[in-house]
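Below: one structure, written as structure tokens.
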Amino acid sequence: MESRKVVFHETLIILIGQLICIAVMFGVYWLLKLLTLKVLLGGLLGALLTVANFFFMAVTVSLATDKAQQEDVKGGQKLMQSSQLLRNMLLFVVLIAAGASGYFDIIALALPLLFVRPIITVAEFFRKKGE
């Protein structure tokens, strides 16, 4: 139960960070007078895919940790590897399909994927000791 709380808490941090980052991204597009419906849809879909990818990664890490605690380290490793492969393949297929559809701006679709690392880094500054 505790691991579920951690997964949801960390995913919420990524969600909030994504919302802030895509708002800034939309602001930059607006200042450059490039903000269109395609940009809005691309940014929102990219953020949604990024948060979903992070959530499923966190769930997998939690399950792999449980396996490791039950002394099934190999099972945990295989779970992590197969999850990463499946998530990356699915993400790739969805991004290619969305980009090829013509309804989404490709750059706005891809940028939210790059926001995760800075969001995690900034979130660490606000983390309480012992958390």
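Quick look at the values:
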{"item": "Virtual spin-label span in nm between Phe125 and Val24, 7 Å along Cα→Cβ", "result": "1.0"}
{"item": "Cβ charges +1 (Lys, Arg) and -1 (Asp, Glu), total dipole of the chain, debye", "result": "140"}
{"item": "For segment 2-124, projected area of the alpha-carbon convex hull averaged over all directions, nm²", "result": "8.0"}
{"item": "GNM top mover of Gln84, Gln69, Gln18 - the chain, alpha-carbon springs below 10 Å", "result": "Gln69"}
{"item": "Most mobile listed residue (Gly17, Gly76, Gly42) in the chain, GNM with C-alpha springs under 10 Å", "result": "Gly76"}
{"item": "Ranked packing of 57-68, 86-97, most packed first, by mean Cβ within 10 Å", "result": "57-68, 86-97"}
{"item": "29 Å Cα cut-off, lysine pairs counted over the chain (separation 8 or more, or different chains)", "result": "8"}
{"item": "Total formal charge among the other residues, if their Cβ is under 14 angstrom from that of Ser62, Lys/Arg +1 and Asp/Glu -1", "result": "0"}
{"item": "Estimated FRET transfer efficiency (Glu71, Arg4; beta-carbon r; R0 25 Å; 0.05)", "result": "0.70"}
{"item": "Dipole of segment 2-124, positive end: most advanced residue of Ala123, Ile106, Leu63 [Cβ charges, Cα centre]", "result": "Ile106"}
{"item": "Residue-count net charge about Gln77 - beta-carbon cut-off 14 Å; Lys, Arg +1, Asp, Glu -1", "result": "0"}
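Every number here is computed from the coordinates shown, using simple stated rules; none is lab data. The structure presented is a predicted model; accordingly, all values stated were derived computationally and were not measured. Every residue, glycine among them, receives a Cβ derived from its backbone with ideal geometry; neighbour counts consider all protein chains shown.
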